[in-house]
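Below is one structure, written out as structure tokens; the observations come after it.
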Amino acid sequence: MNITRKIIIADTNIITDLNNAGILGKFVNIDNVYISDMVKNDEINSNTGNIDIIDKFKIVKATAEQIMEIYQILENVNGLSQYDIINYIISRDNNAILATGDSKLKKFSENNGVEVIRTLKIIRLMFEKKIITKKETILALQLLKDNKWTRIPEEDILNFLNDLY
């Protein structure tokens, strides 16, 4: 399934959520889903999710100019990591959608013209594009709701489930 714009995975939250929802394997196979080489090399571990599935992500590499820009932005911004900034830059430069669970990065990116999506919007997109069935969508949402570590508000999950019925 081809999504017309690239989606850049900015952090492990999205990967962990989709792994916990049981749909990471289908997500990684979407044509335009990428992870930055810095995040993959430095932040991914076995706690993030199934490493065999994560290894299937397509990689987008930062240029030397983009890496230099990280430090220019960090001088003026508090609360974001170098990984946050590089994913913002890569998304901006590729006219890509940034996928993150980080509220600070979401706000910064949107304030600077980069579209941001979060886990539930990814699941909705996968359902709408028929990457996952209604049954798989319901199961994914129930798995997230029942996971004691999920950061997604239960009310948002329940609202999505209600939309499906």
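Values quoted throughout were computed directly from the atomic coordinates according to the rules given, and no laboratory measurement underlies them. Note that this is a predicted model, so its numbers are computed, not measured.
Express in nm, to one decimal, how much length is gained between residue 135 and residue 31 on full extension, taking 0.36 nm for each residue of separation and deducting their alpha carbon distance.
Full extension of this stretch gives 35.2 nm more.
Work out from phi, with θ = phi - 60° and the Karplus expression 6.51 cos²θ - 1.76 cosθ + 1.60, the ³J(HN,Hα) of each residue of segment 139-154, listed in order in whole Hz, and give x for Gly and Pro.
4, 4, 5, 5, 4, 5, 4, 7, 7, 5, 9, 5, 9, 7, x, 4
With springs connecting C-alpha atoms under 10 Å apart, model the chain as a Gaussian network and identify which of 28, 39, 77 has the largest mean-square fluctuation.
Greatest mean-square fluctuation among the candidates belongs to 77.
Quick query: amide H of residue 116 versus all other amide H atoms, modeled in the peptide plane; which residues come in under 5 Å with a sequence gap of 5 or more or a different chain?
The list, which skips near neighbours in sequence, is 98.
Counting pairs of Cα atoms in segment 107-165, how many percent are more than 16 Å apart?
Value for segment 107-165 (Cα pairs over 16 Å): 47 percent.
Too long at a 25 Å Cα-Cα cut-off: which of 61/134; 58/148; 6/129; 6/130; 56/130?
Pairs exceeding the cut-off: 61/134; 58/148.
Let me understand the chain better: what is its radius of gyration from the alpha carbons, and its Dmax, in angstrom?
Both quantities, over Cα of the chain: 15.6, 49 Å.
Could you calculate the contour length gain from residue 59 to residue 72, that is, 0.36 nm times the residue separation minus the distance between their Cα atoms, to one decimal place in nm?
Net length gain for the segment: 2.3 nm.
From the Cα trace of segment 1-42, what convex hull volume per residue do you get, rounded to a whole Å³?
Considering the Cα atoms of segment 1-42, their hull volume per residue is 69 Å³.
Which lysines have a Cα lying under 18 Å from the Cα of residue 135, excluding residues fewer than 8 positions away in the same chain?
Filter leaves 26, 121, 145.
Over the chain, what is the relative contact order in whole percent, taking alpha-carbon pairs under 8 Å and six or more residues apart?
Value for the chain: 27 percent.
Just 83, 71, 34 to compare: in a GNM of the chain, with alpha carbon springs under 10 Å, which one fluctuates most?
Of the options given, 71 has the highest mean-square fluctuation.
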